[in-house]
Structure formats: C-alpha cells, structure tokens
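Colleague: Pasting a structure here, questions to come.
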Amino acid sequence: MLIQKIEKEKMTLVVNTVRMLSADAVEKAQSGHPGLPMGFADIACVLWMQFLRFYPQDPQWPNRDRFILSPGHGSMMLYSLLHLFGYDVSLEDLKQFRQFGSKTPGHPEYGHTPGVEVTTGPLGQGFANGVGMALAERMLAERFNKDGGRIIRYHIYGVVSDGDLMEGITSEAASFAGHLGLSNLIYIYDSNQISIEGSTSITFTEDVGRRFEAYNWRVAKIDGHNHNEIVAAIEAARNEQERPSLIIARTHIGKGSPNKQDTASVHGEPLGAKELELTKENIGWPKSPAFHIPDEVLLLCRSRIAELKEGYDQWQDLFKKQIKGDPNLSQAWGAFFQKDIPHDLELELLKTIKKDSIATRSASGDMMQIIAQRMPAFIGGSADLCPSTKTYIKNSPSLEKNRFSGKNIHFGIREHTMGAILNGLALSGGIIPFGSTFLMFSDYMRPSIRLAALMKIQVIYIFTHDSIFVGEDGPTHQPIEHLTSLRAIPNLLVLRPSDATETAAAWIKALSHKDGPTALILTRQDLPVIVRSIYPSQNQLKYGAYVLKDSVKTPEIILMATGSEVSLALDVTLQLQGKGIQARLLSVPSFELFRSGSEDYRNSILPPDCRKRVAVEAAGKSSWYELVGLDGLIIGIDGYGASAPAKTLAEHYGFTTKNILREITKKWDI
C-alpha cells in the first residue's frame, strides 16, 4: 500500500483540529470525556489520513476498513473525524454533542450516526466485536475472492483503552483471535495509564505485552505522539500474515492541557473555560471562535477523500467484472447479502420430524441442517456445547486457522465473547450468525445480547436445557429467572416453542426477524409432537399466542403455557372439558409477538371479561402477571431447583395434571 507522505506541520494541524473540536464540544455540552480525544488524536489522524480505507458517500461499502472505538466515551474524537472526512455529520451536529435527538450522542450508536460501525460504551465489547468483524472478513474472502481477485480484503482497526483490557471479555476475545491467527485485526492500545479513580497503577500492573504475546498476538510498543513511529507500527501490523497485532502506544491523556494533562479529572470532565483557553494558547490555537477548522485542514481531508474515491471506483469495477459478471458468484453474493428465505423452507423443516416425541433441541438440530443447505449465510457454533445443543452443521468443516470455508465456529468455553463476536459477524454484513449454549449461561452473554437488541441486528441465540427438567445436574444448571430476564430486554424476540412443529415455525420467524436478535428456548427432554391435523397449524406462532384447544362455548377459564408445559396444560384442559367446564388453552410461544399484535386479536383469544386465567411455565412467575392479572393463577417456580430425575422434580414442584387441577379447584372451586 502506498503511504501518503504528509508534512509534520500539516499533520499536527489536523491533530490539533480534532483535539480542539472535541474539547469545544465537551465544554459546550458541559458533559463528556475530552481526555481520550486529546490524547489519542495523533494516532487517529495518522490512521485516517494515511491508512484507513473508506468512502463517506457509501458508509456501508462492503470492502471498507472498519474503525472501532471500543472506549466509546471518547466519541467526540470519532465525530470530529467523521465530520472532517465527509460523512453526513455537520459542524452543527458537533455543536449538539450529547443533546436530545442529535447525531452525536454520548457514546457511538450504530445506525444512528453515519460511519459508526458498532455501538460501544460497555468496555471490552468493541474489542470483541472487532474480532467478529475480522472473522467475517476471512469467511467472506474465502467465498468470494476468486482467481486472485480481492473483492473482500479489509482490516479492522480498533482503539482500545486500559479499561477495555481490564474487562474479562477482552481476554476471551484475544485468546480466540490469536488461536485463529486473525492477522487482519490491528488494535492500538491507548496506554495513558489513567482511569476514573486515578493512576492505573492502583489496580492494573500486569505486563500487557507479554500477556498478548501469550495469546499469539504480534506486539509493538511506540510513543503515541511520534508520527513516524505510528506510521511504522501500523505498516508493520498490516504486513503481518500470521497473528493479530496489538500496538501499545504510550500517550498522555488530555494532551496539550497545561494543568490537566495526565490527570484523572480530564478523563470525564470538561476542561473548564479557563483551562480550555490556556490549552488553546499552549498549542497555538485561536481562542475564538469555538469549533474552529482551518481551511488547510479541510483541504487536506478533502484531498484524502478524493484519493479514497479512486480506490472505491476501482473496487466497483472489479466487483462488476468478478461478481456481477459471473452468474454463480452473483447468485452467491445475493444469497449472502440479501438473506432471502426460500418460500418452501418451513415445509422442508417440517419434513425432518420423524418421531411422535422429540426434544425441541433435537428437532432444531435436524432443521438446522436444512437451513444451512438452503441459506449459505447461516453460520455459527457453540460455546463448546454442540453435542448438547445439537447445533453442529454436518457435511461442513469447522473453521480453523487459514481455513475459513466452513459453517461451524468453535467458540470454546467463552460465552461472554461468543455473544460479542456474533454481533461483529452480524454487523459485517453477509452473515446470519447463530450461537448456542445452555439457557442458564445466557447470563454470561447478557451484555452482548442487550447491545444486539439496541443495535437492531440479526443474531440468533439457541438456548437449550431450558428448565428444571434438565434434572440431575441440579440448580446450578436449571434456569429459573432467565426467561423473565430475557423477555425484559427491549427488541429481543424470545421464542419458546411447544413441540417440534412450533420449532419449525420459530426458525422461520427467527430467520425473517432482521431488525433485532432472536432467542430460541429449547428443551433437553422429549416432548410429544402435536398433531396439527387435529390442532391448529404451528404457523400461528407468528401471532405470539394462539388458541390450541378451544372451548365449545364462551370460555369460563383460560389456560396458557409455553414450551414443554403446553402438552401438560393440554392434558389439564382436556380433563376440565371432560368435566363440562368451558376451558380454552393458549400456546404462548412469544410474549413480544403477542404484545405487538392488534388489540382486537389479543381480546379475541384472551377476552377481558374472562378473569379465570391460569399460566403454566417451569420458570419464574413475574412475567406472567401481564397476561393473567393479579387475580389469576400462575403455576411456576420462584425458588431454585434441585438435583433429581426430571419426573421427580415435576412431581415435587407441581408440574403434574393432578396438581394443576387441584390448584385450579382450590382457587375457584370448579
């Protein structure tokens, strides 16, 4: 790659522009973090002026380099760069930093601000997201780079902080990236040695370089304010072919501030009017007006954009020749990036059901084989649990170092980083990522799940072993509060199918749900397959709740259940009806879908004047009050389970027909 040579004085002018735009914005907002933008500006500007490949008029260009600001509190640096380099972020947007409705929120938000690759804020997440992006580049390159063409070839550049490297998710992600040799990953560690409470020496004294060398990373150390060292380090990292790179850059937080440089106060507080004035004086910057951008800086940045456009246009020509000009590759590209669902897929999934009784995890595993065949973008794995979660894609190799053509990703026992890597895969485009573990361990993934929901990206989680009926493994492996916890995350679609047929419908819904993540909640134990020639079609899952067994007349009592408890509730319903009681049963696979439907539909199956309502679910009770009301009956569990066979647990915790009938009679005397 030809490195554009820029005179030191000119580069310093660009650097100081970023410093002061950031400081001015934080001062105007009276809120924010000026320290990182001022301290890291030298590295950021060298990277953007001389290395980073992007095109601001096409922010989603598939072959762009990715720039990740893992310490998202330094967002004003990113917003300043986006403005200077031609993205749709205006000077007025910079002046509205952290204000309601602006394009420049306190932490970068994917989908909200053009040019922001990922929502960052919780430290360590951006680091792990970038690993997913690097993996995506390798997988897509193996599929589309034919005959020496480089349709997909990009780097992931990340800013990481002391705080990022303290978080445990970073260790998981770094270990994974080093194992796979993701040499397209280049992270620059802003080693300013300051955190909120003071010097990092009070908590963080490890040798970071040796730690990352042990992870199989290439490590370099530089002065983060020496432009020649910055250029040399990035060039060397780009030339590395076997390992990801960590460039440890010693920087000074709040660089240029006479009294606050290298202090904890500059991390998260405005400089203050007097110190801001002194800082401008110290670096030779005009004291007014605020948000000053020298004409020479604008010219330099615009010339960089023109240079980048040449590369962008060359790529477009190559794409037309190698992808659009090849019918097979063109069709494959569409399959990966459009992610259309074959019209007959649900029928094909239903054909995999060969038994009268099967665990939904097993039914799902059979169906995933068909999905993987029909939808090339469907790729994922588990946290060392494929044999248990039934998520291994047969007839496809596993991903290994220098071999990325397969569909199976072995994340290792790293649930926390698996969730974040899935987010990186989804953000890269061209991939529908899935990850699996036991429902109990969704706790380890929760921060990443929440961010996937916030970003509205398509990620599919397969959570098996979904209740106390895991049995002998005991309460450490028996989820109780987890369904309620997941249902509490806005924009997360939670699906708990009642049998194999609903599992097929759940997969169709998950694959079509492209504006947010989906959690499939599946059983370890076998469940009877509901005969759909007798009972309503499984495709009514799309409503979130539907009448599985109706009363002859207006219902006087309504039962509701999810997952493995639906067949139990069906038996209870049939017994009530046998006694002449007008009982209705609802299968409720998704609270979110039911809640989002029309009020007329909700009232039609759950009429407001029928207050005798019973919910049956082997999990915490709290989420059910929304549907049963305060005067309803909930058969659930608000404590922990125990180690025993599943049948014993069902009897002990009251998940039997006999007990549910007894509880109904006790409450309403029917």
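The values are calculated or read from the model by the stated rules, or taken from the named source; none is laboratory data. All figures in this text were calculated on a predicted structure; none of them were measured in a lab. For neighbour counting, all protein chains shown are included, and Cβ atoms are generated from backbone atoms with ideal geometry for every residue, glycine included. Surface accessibility is based on the protein's heavy atoms, side chains included, excluding ligands, DNA and RNA. Shrake-Rupley method; radii C 1.70, N 1.55, O 1.52, S 1.80 Å.
Colleague: List residues of region 141-155, by number, whose backbone nitrogen lies under 13 Å from a label position 7 Å along Cα→C-beta of K321.
Modeller: Within reach of a label on K321, which here means backbone N under 13 Å from a point 7 Å along Cα→Cβ, region 141-155 contributes 146-151.
Colleague: Oh, and also: Can you bin region 150-191 into rounded, prolate or oblate? Criterion: square roots of the alpha carbon gyration tensor eigenvalues sorted a ≥ b ≥ c, rounded for a/c under 1.5, prolate for a/b above b/c, oblate for the rest.
Modeller: It comes out oblate by the Cα gyration axes.
Colleague: Let me ask you something else. Between S288 and R250, what length comes free when the chain is fully extended (0.36 nm per residue of separation minus the Cα-Cα distance, one decimal in nm)?
Modeller: Residue separation times 0.36 nm, minus the Cα-Cα distance, leaves 10.6 nm.
Colleague: With r defined as the distance between the Cβ atoms of N239 and V552 and R0 fixed at 51 Å, what FRET efficiency is calculated, to the nearest 0.05?
Modeller: Rounded to the nearest 0.05, the efficiency is 0.10.
Colleague: Quick one: putting +1 on the C-beta of Lys and Arg, -1 on the C-beta of Asp and Glu, what dipole do you get for the chain around its Cα centre, in Debye to the nearest 20?
Modeller: Rounded to the nearest 20 debye, it is 1300 debye.
Colleague: Hey, what number do you get for the chain at 222 nm if only DSSP H runs of n ≥ 4 count, each worth -39500 (n - 2.57), divided across all residues, to the nearest 500?
Modeller: Counting only the DSSP helices, I get -13000 deg cm²/dmol.
Colleague: Just to confirm the number: angle between the C-alpha axis of helix 125-144 and the first principal axis of the chain, 0 to 90 degrees, nearest 10?
Modeller: Relative to the chain, helix 125-144 is tipped by roughly 90 degrees.
Colleague: Among L69, F85, L21, whose Cα lies farthest out toward the positive end of the dipole of region 17-102, if unit charges sit on the beta carbon of Lys, Arg (+1) and Asp, Glu (-1)?
Modeller: Checking the options against the dipole of region 17-102, the answer is L69.
Colleague: For L527, list long-range residues whose amide hydrogen, built 1.01 Å from N in the peptide plane, is under 5 Å from its own amide hydrogen.
Modeller: So L527 has HN proximity to I358, A359, T360.
Colleague: Considering the dipole of the chain built from charges on the beta carbon (Lys and Arg +1, Asp and Glu -1) around the Cα centre, which of Y601, A264, T391 is farthest to its positive end?
Modeller: Selected residue: Y601.
Colleague: About the Cα centre of region 234-337, what is the dipole size in debye to 20, counting +1 per Lys and Arg Cβ and -1 per Asp and Glu Cβ, all else neutral?
Modeller: 120 debye
Colleague: Taking amide H atoms as placed 1.01 Å from N in the peptide plane, list the residues 5 or more away in sequence, or in a different chain, whose amide H sits under 5 Å from that of A615.
Modeller: M560, L633, I634, I635
Colleague: How much FRET efficiency would the formula 1/(1 + (r/R0)^6) give for Q193 and E599, where r is the Cβ-Cβ distance and R0 is 51 Å, rounded to 0.05?
Modeller: Approximately 0.35, to the nearest 0.05.
Colleague: Distance in nm between label sites at A488 and T203, each 7 Å beyond Cα in the beta-carbon direction?
Modeller: Distance between label points: 2.4 nm.
Colleague: Kindly express, to the nearest 10 degrees and within the range 0 to 90, the angle between helix 415-428's C-alpha long axis and the longest C-alpha principal axis of the chain.
Modeller: For helix 415-428, the angle is close to 70 degrees.
Colleague: Roughly speaking, what is the centre-to-centre gap between region 274-299 and region 463-514 when only Cα atoms are used, to the nearest Å?
Modeller: 55 Å
Colleague: At most 13 other Cβ atoms within 10 Å and a DSSP loop assignment: could you name the GluC sites (Glu not before Pro) in region 212-254 that fit?
Modeller: E242
Colleague: Of the beta bridges DSSP finds with both residues in region 534-613, what % are antiparallel, to the nearest 5?
Modeller: 35 percent
Colleague: Sticking with this structure for a sec: For region 519-569, state what percent of all Cα-Cα pairs lands in each successive 10 Å bin, counting from 0 Å until the bin that includes the largest distance.
Modeller: Binned Cα distances yield the sequence 19, 55, 23, 3.
Colleague: Along region 288-296, what does the Karplus equation 6.51 cos²θ - 1.76 cosθ + 1.60 (θ = phi - 60°) give for ³J(HN,Hα), rounded to whole Hz, x for Gly and Pro?
Modeller: Per-residue couplings from phi come out as 8, x, 5, 6, 6, 10, x, 4, 5 Hz.
Colleague: Still on this structure, please answer the following. Please work out the FRET efficiency for the pair F100 and K274, using the Cβ-Cβ distance as r and a Förster radius of 35 Å; give the result to the nearest 0.05.
Modeller: Plugging the Cβ-Cβ distance into 1/(1 + (r/R0)^6) gives 0.75.
Colleague: Take the solvent-accessible surface of the protein heavy atoms, probe 1.4 Å, and return the percent of it on region 479-611 that carbon and sulfur atoms account for.
Modeller: 51 percent
Colleague: Over region 93-174, with every protein chain in place, what whole percent of the accessible area is carbon and sulfur at 1.4 Å, could you tell me?
Modeller: Carbon and sulfur together cover 45 percent of it.
Colleague: Compute the accessible area per residue over region 353-400, keeping the other protein chains in place, probe 1.4 Å, unit Å².
Modeller: Value for region 353-400: 41 Å² per residue.
Colleague: In debye, nearest 20: dipole of region 302-374 around its Cα centre with unit charges on the Cβ of K, R (+) and D, E (-)?
Modeller: Result for region 302-374 is approximately 160 debye, rounded to the nearest 20.
Colleague: Then there is this: Quick one: Cα centre-to-centre distance for region 184-251 and region 47-117, in angstrom?
Modeller: 23 Å
Colleague: Taking only Cα atoms, what is the 0 to 90° angle, nearest 10, from helix 75-84's long axis to the longest principal axis of the chain?
Modeller: For 75-84 against the chain, the angle is about 60 degrees.
Colleague: What's the carbon and sulfur percent of region 402-444's accessible surface, probe 1.4 angstrom, rounded to a whole number?
Modeller: Within region 402-444, the accessible surface is 55 percent carbon and sulfur.
Colleague: Still on this structure, please answer the following. Amide H to amide H, which residues 5 or more places from A519 or on other chains are under 5 Å from it, using H placed in the peptide plane?
Modeller: Here Y461, L493, V494, L495 satisfy the definition.
Colleague: For region 29-97, what class follows from the C-alpha gyration tensor (a ≥ b ≥ c being the square roots of its eigenvalues): rounded when a/c is under 1.5, otherwise prolate if a/b is larger than b/c, else oblate?
Modeller: Judged from the Cα gyration tensor, region 29-97 comes out oblate (a/c at least 1.5, b/c at or above a/b).
Colleague: What's the percent breakdown of Cα-Cα distances in region 78-160 across 5 Å bins, shortest bin first?
Modeller: 3, 13, 19, 18, 15, 14, 9, 5, 2, 1, 0
Colleague: State, as an integer percentage, the relative contact order of the chain based on alpha-carbon contacts under 8 Å between residues 6 or more apart.
Modeller: 11 percent
Colleague: Run the quick spin-label model on S90 and T263: label points 7 Å from Cα toward the beta carbon, then report their separation in nm to one decimal.
Modeller: Here the answer is 3.7 nm between the modelled labels.
Colleague: Rank G435, V552, F411 by how far each Cα sits towards the positive end of the charge dipole of the chain (+1 on Lys, Arg Cβ; -1 on Asp, Glu Cβ) and give me just the farthest.
Modeller: V552
Colleague: Also: What does the extension gain come out to for M166 and L661, with contour length at 0.36 nm per residue minus their alpha carbon separation?
Modeller: 172.9 nm
Colleague: So how much slack lies between K579 and L299, counting 0.36 nm per residue of separation and subtracting their Cα-Cα distance, in nm?
Modeller: That pair, K579 and L299, stretches by 92.4 nm at full extension.
Colleague: Considering every Cα-Cα pair within the chain, what fraction, in whole percent, is farther apart than 32 Å?
Modeller: Result for the distance tail: 54 percent.
Colleague: Here's something else I'd like to know. Using a ≥ b ≥ c from the Cα gyration tensor of region 80-123 (square roots of the eigenvalues), is it rounded, prolate or oblate, where a/c under 1.5 gives rounded and otherwise the larger of a/b and b/c decides, a/b for prolate?
Modeller: Oblate, since a/c reaches 1.5 and b/c is not below a/b.
Colleague: Looking at this model, which pairs from K354/K621; K221/K255; K95/K287; K255/K287; K146/K320 are more than 25 angstrom apart at the alpha-carbon?
Modeller: Long pairs (Cα-Cα over 25 Å): K354/K621.
Colleague: Moving to a separate point now. Using a simple spin-label model with points 7 Å from Cα along the Cα→Cβ vector, what separation in nm is obtained for A306 and L347?
Modeller: Using points 7 Å along Cα→Cβ, the separation is 5.9 nm.
Colleague: Using packing as a proxy for protection, rank 274-282, 68-76 so that the peptide with the highest average count of other Cβ atoms within 10 Å comes first.
Modeller: Ranking, from highest mean packing down: 68-76, 274-282.
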